[in-house]
Amino acid sequence: MTYDHLLSPITIGDLTLRNRAVMGSMHTGLEDFFWDVPKLAAYFAERARGGVGLIITGGYAPNKRGWLKPFASEMTTRLQSERHKQVTAAVHEHGGAIAMQILHAGRYGYTPFSVSASAIKAPINPFKPSALSSRGVDRTVSDFAHAAGLAKRAGYDAVEIMGSEGYLINQFLAARTNQRTDAWGGTAEKRMRFPVEIVRRTRETVGEGFPIVYRLSLLDLVEGGQTWDEVVELAHRIEEAGATVLNTGIGWHEARVPTIITQVPRGAWTWTTARLKREVSIPVCASNRINTPSLADELIADGTADLVSMARPLLADPDFVNKAAAEREDEIITCIACNQACLDHAFKNQKASCMLNPRAGRETEIVLMPSLRKRQVAVVGGGPAGLAAAAAYAERGDAVTLFEKGSELGGQFRLAMRIPGKEEFAEALRYFRRQLEIHHVDVRLGVAADAAALAGFDEVVVATGVTPRMPSIPGIEHPSVVAYDAVLRGEVEVGSRVAIIGAGGIGVDVAHFLTHDPTETTEDWLAHWGVGDPSAFAGGLTEPAERKPVREVTLIQRKTSIIGKGLGKTSGWAHRAVLKQAGVRQVSGATYDLIDDRGLHVTVDGVRRVVEADHVVVCAGQESVRDLYDDLLASGRSAHVIGGADVAAELDAKRAIEQAVRLAAAS
Ligand code: NAP
Ligand code: SF4
């Protein structure tokens, strides 16, 4: 397929972009300190070399009160502007264009001196902001314009003003957070004054022709959010004030509707961009859960948008655009929206990377240099760790043989892709399979390699994975007991009442799998999360439609903590919400007594009870499979062990893939 619409140039202001693919803003953690500037330059340079039309940086605060956290990125001085020249030059060297995002965190600032429109604490931040004085508001407007001027001076080709996701500008716009009675609040019109003034003064500062992208919150997805009429009115005023492009923002960070994680259907929000586009005459940019060139192209072709923003997809694959242009889309590392190494890291104050591409953000640190001599490398196990190791060694030019005892590659990925909303894992598998083909890896399916078969290889990598743990509970041999992998593979016709032992990531996923109605459409998904027409419901939020679970499921753990506590920082809450929507009963602090024809007998708080069940599904973690590794060591051979075979306790594809790629890069 050719992607002529996505790849066609577009002129915004005085700037002509070579195509309409935009790398959306995302904080990587490399923005905050000047000593990371070379890494940031290398990170963006790789994406510019990969062909993207416009890169938008992570957010830079226009003043200290706008910091995301103490000492976070800011653009306030000439010296800072000077340092950015390394970043802009690196992008320009590869024919790319780059915009700096100006973001004032407002009450999302994780600092005791944050400010907002009114002194109202955000539900996701322990710090209460103080209300900006009228003069303070005016100064903040000037600071935005000043930051834009410094960005222009640093060689940026454009700026983006962050007006969405619940940050300061959004806080001024919504009655929920703006209870001011001065010139900056009280009516919708006065609440709009802040962003309009910012755009107007920014235009004055940067002059005609310099592109100003404004990220507009199309759906706030919070109580007391903006109505659609207000959004459209604001769009008109922003356009009049001098914005060049309107980008799509969906949902405040405190919204209890997931907007970008994997369970959000692809392109779930593009209808909002299409509606905006009908209202304005400047170009609009679609965003959120757009991760393939075909979807991006389609959105431009059908008139939904003029540009398409993809942040995580360009983090995952710097060559996304070039691969699409060369019709090598099957080689793209498709972002599976897991958030595991990007946003989860950012929210934990760690540097962002990508679960599937651990080189992302570490371009200067993990380098796959050509091997000095072509080594014979054996990789045993075709799960995420083995696939990543085989692909990385082969990319270095080594001759790689991959042994997999099963009939298919994929390991835990094959299970993950069966979970509703995690179908994207199939893309990860497609990517690795293609890498093995391109680099001529000799794949031996149905072969359980033993120590003898591995004689003669220069390097042996053991990635034999894990096996589900079967706890010793009286009755564990009962025919109703099944392991989670058999359930997910569809090997068991599961009854209508199910008890799940173990409520870690997999227990939660299996509960979702067993209750989910497979006929759910994107419209149903939106309705289940209470997303309504913003013309009828302010903020686009209405009463959620009831989910109809297809089974009665009880999810049980021994710990007394809340279920799902250890799940991902940015996605765990949504997984827990789905369990609630699906009526999954949750039992913590249980002791398992017995399994029999009635079901699972447990004791909770000293009281014995029976969870009646047709099936008891065991999701009690895993144990490493490392017999081969032990045999190799016993016979005096050296080998590397990675992934679940190395550590099952925290079985996790992010660690497995990173371990594999670092090993291949270092050896
Ligand atoms: P897990 O997170 O370690 O959970 C397994 C649960 O089984 C434990 O929480 C434990 O809870 C219980 N358990 C352990 N030993 C037991 C025993 N002998 N008898 C009864 N119960 C026992 O493992 P997992 O759920 O298999 O997930 C594996 C990894 O996959 C996780 O580390 C996670 O990183 C990843 N994953 C994450 C997600 C996600 O974030 N959405 C989804 C899927 C997988 P109690 O001791 O309290 O009973
Ligand atoms: Fe996408 Fe996951 Fe990589 Fe983040 S970590 S860029 S969500 S694949």
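The values are calculated or read from the model by the stated rules, or taken from the named source; none is laboratory data. Source: prediction; values computed, not measured. All Cβ positions, even for glycine, are placed from backbone atoms using ideal geometry, and neighbour counts span all protein chains on display.
Things worth noting here:
- Residue that is nearest to ligand 1 (Cβ to nearest atom), among those in the stretch 553-569 that are β-branched (V, I, T) and more than 15 Å from I500 (Cα to Cα): T560
- Against the conditions (1) more than 16 Å from the chain's Cα centre (by Cα); (2) in the same structural domain as V87 (by TED's automatic domain parsing), S371 satisfies every one except (2).
- Qualifying residue in the stretch 206-227 (condition: over 22 Å from G58 (Cβ atoms), outside any loop (DSSP other than H, G, I, E, B) and touching a residue at least 12 places away in the same chain (Cβ under 8 Å)): yes
- Comparison of R201, R180 shows that the only residue that is in a helix (DSSP H, G or I) and in the same structural domain as G251 (by TED's automatic domain parsing) is R201.
- Considering V284, V257, the condition of being modelled with pLDDT of 95 or more and either within 16 Å of ligand 1 (Cβ to nearest atom) or more than 16 Å from the chain's Cα centre (by Cα) (or both) is satisfied by V284 alone.
- Scanning the stretch 396-430 for residues that are β-branched (V, I, T) and farther than 19 Å from E491 by Cβ returns V400, T401.
- Looking at the stretch 409-473, none of the strands (runs of 3 or more DSSP E) lying wholly inside it contains 1 or more residues that are within 16 Å of ligand 2 (Cβ to nearest atom) and of a type in the set (G, A, S).
- V280 vs. criteria part of a helix (DSSP H, G or I) and touching a residue at least 24 places away in the same chain (Cβ under 8 Å): no
- Hits in the stretch 632-661 - residues which are more than 16 Å from ligand 2 (Cβ to nearest atom) and in a helix (DSSP H, G or I): L632, L633, A634, G643, G644, A645
- The stretch 426-448: number of residues that are touching a Lys or Arg at 6+ places or on another chain (Cβ under 8 Å) and touching a residue at least 60 places away in the same chain (Cβ under 8 Å): 0
- Among the residues making up the stretch 23-39, those that are part of a loop (DSSP other than H, G, I, E, B) and touching a residue at least 60 places away in the same chain (Cβ under 8 Å) are G24, S25, M26, H27, T28, G29, L30.
- Failed item in (1) within 25 Å of the chain's Cα centre (by Cα); (2) in a loop (DSSP other than H, G, I, E, B); (3) at pLDDT 95 or above, with V550 passing the rest: (1)
- Flag if I300 is within 16 Å of ligand 1 (Cβ to nearest atom) and of a type in the set (V, I, T): no
- The listed residue being in a helix (DSSP H, G or I), surrounded by 19 or more Cβ atoms within 10 Å (Cβ to Cβ) and touching a residue at least 40 places away in the same chain (Cβ under 8 Å), out of A147, A99, A122: A147
- Selection of first residues in the stretch 336-360 that are in contact (Cβ under 8 Å) with a residue 12 or more places away in the chain and of second residues that are within 14 Å of ligand 1 (Cβ to nearest atom) and among the hydroxyl-bearing types (S, T, Y), restricted to Cβ pairs under 7 Å at least 6 apart or on distinct chains, gives the following pairs, ordered by first then second residue: I336/T262; A337/T262; C338/T262; N339/T570; N339/S571; L343/T570; D344/T570; F347/T570.
- Neighbours by Cβ (under 6 Å, 6+ apart or cross-chain): first from the stretch 397-416, closer than 25 Å to G621 by Cβ and outside the structural domain of V510 (by TED's automatic domain parsing); second within 16 Å of ligand 2 (Cβ to nearest atom) and of a type in the set (D, E, K, R): A416/K422
- D524, sole failed condition from (1) away from ligand 1 (no atom under 14 Å from the Cβ); (2) surrounded by fewer than 19 Cβ atoms within 10 Å (Cβ to Cβ); (3) in contact (Cβ under 8 Å) with a residue 60 or more places away in the chain; (4) assigned to a helix (DSSP H, G or I): (3)
- Hits in the stretch 281-294 - residues which are more than 20 Å from L246 (Cβ to Cβ) and buried (at least 17 other Cβ atoms within 10 Å of the Cβ): N291, T292, P293
- For the stretch 150-174, the set of residues classified as among the β-branched types (V, I, T) and not in a helix (DSSP H, G or I) consists of V159, I161, listed by residue number.
- Unmet requirement for I657, which otherwise passes all of (1) away from ligand 1 (no atom under 11 Å from the Cβ); (2) without any contact (Cβ under 8 Å) to a residue 60 or more places away in the chain: (2)
- Some residue of the stretch 479-491 being surrounded by 14 or more Cβ atoms within 10 Å (Cβ to Cβ), more than 30 Å from R558 (Cβ to Cβ) and at pLDDT 95 or above: no
- Set T187, T181, T202: member being closer than 19 Å to E240 by Cβ and without any contact (Cβ under 8 Å) to a residue 12 or more places away in the chain: T187
- Cβ pairs under 8 Å, 6+ apart, first in the stretch 310-323 and outside the structural domain of Q340 (by TED's automatic domain parsing), second not in a loop (DSSP other than H, G, I, E, B): none
- All positions within the stretch 568-580 that are assigned to a loop (DSSP other than H, G, I, E, B) and either touching a Phe, Trp or Tyr at 6+ places or on another chain (Cβ under 8 Å) or exposed (fewer than 15 other Cβ atoms within 10 Å of the Cβ) (or both): K569, T570
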